[in-house]
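The values are calculated or read from the model by the stated rules, or taken from the named source; none is laboratory data. Because the structure is predicted, anything quoted here is derived from the model rather than measured. Here Cβ is always computed from backbone atoms with ideal geometry, including for glycine, and neighbour counts include all displayed protein chains. When the accessible area is computed, the model is the full protein with side chains, heavy atoms only, and any ligands, DNA or RNA have been set aside. Shrake-Rupley method; radii C 1.70, N 1.55, O 1.52, S 1.80 Å.
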Amino acid sequence: MMDTTPLRNAYRALLDAAVAVADSSDTSPVPPNGEWNAEQILAHVALVNAATIAAVSCVAAGSNTTYDNRVALDTWTIERLIALAGGSTGLRDRIRLQGDALCALGGPMLSDAELDTPVPTRLLSKATVLADQPMPLRDLITGLAEVELPGHTKQLLALLSC
């Protein structure tokens, strides 16, 4: 069984940073050129979460799956999700619930064999390919806790100094 404590902590830190940005005296911190604003960061995270939940659910159902984060980088999709979620508050609520779901699904529900299932994966950051190969499902989940969420937490906190 996977310990989801690091994942839960990473979600808590991200959401705390998002609240700090939302509560800051600057109601709309402007990101550096080429970077996302707080709502865009949160929408991206929500899209990554949705793709991860889909992959976890497929493995749990015994079906084939892939993992591709390109839709989470698409500007139109990000803006659409911001509108559908109702902005920052709705995105934070969605991310909190997605985090709860991933901690429940990725922890006690999946066996080690399921967590070790290779998932054909394509990960991009901006225009850079980070991975284009099968990865164990476990690595997708731990990647959220160790890289994805902490990186976006730092990105949100950087908006406080803009």
The listed residue being loosely packed, with under 14 Cβ neighbours inside 10 Å and hydrophobic (A, V, I, L, M, F, W, C), out of 85, 72, 46, 54: 54
Just one of (1) farther than 21 Å from residue 75 by Cα; (2) outside any strand (DSSP E or B) trips up residue 135, so point out which. (2)
Filter segment 20-32 down to residues that are assigned to a loop (DSSP other than H, G, I, E, B) and either within 19 Å of residue 151 (Cβ to Cβ) or at pLDDT 95 or above (or both) and give me whichever is most open to solvent (accessible area, probe 1.4 Å). 32
State which residue is farthest from the chain's Cα centre (by Cα) when the search covers only segment 115-162 and only residues that are open to solvent by less than 60 Å² (accessible area, probe 1.4 Å) and hydroxyl-bearing (Ser, Thr, Tyr). 117
Suppose we filter 9, 49, 33 for residues that are under 15 Å from residue 121 (Cα atoms) and of a type outside the set (Asp, Glu); which single one remains? 49
Segment 57-69, residues that are of a type in the set (A, V, I, L, M) and surrounded by fewer than 14 Cβ atoms within 10 Å (Cβ to Cβ): 61
Could you list, in sequence order, all residues of segment 1-46 that are over 24 Å from residue 102 (Cα atoms) and without any contact (Cβ under 8 Å) to a residue 12 or more places away in the chain? 23, 25, 27, 28, 33, 34
Restricting attention to segment 110-162, which residues are over 20 Å from residue 22 (Cβ atoms) and among the hydroxyl-bearing types (Ser, Thr, Tyr)? 111, 117, 121, 125, 128, 142
More than 14 Å from the chain's Cα centre (by Cα), farther than 22 Å from residue 22 by Cα and not aromatic (Phe, Trp, Tyr) - does that describe any residue in segment 89-99? no
Can you name every residue in segment 1-17 that is under 13 Å from the mean Cα position of the chain (by Cα) and of a type in the set (A, V, I, L, M)? 7, 10, 13, 14, 15
Filter segment 1-19 for residues that are in a helix (DSSP H, G or I) and open to solvent by less than 40 Å² (accessible area, probe 1.4 Å) and give the result. 7, 10, 11, 14, 15, 17, 18
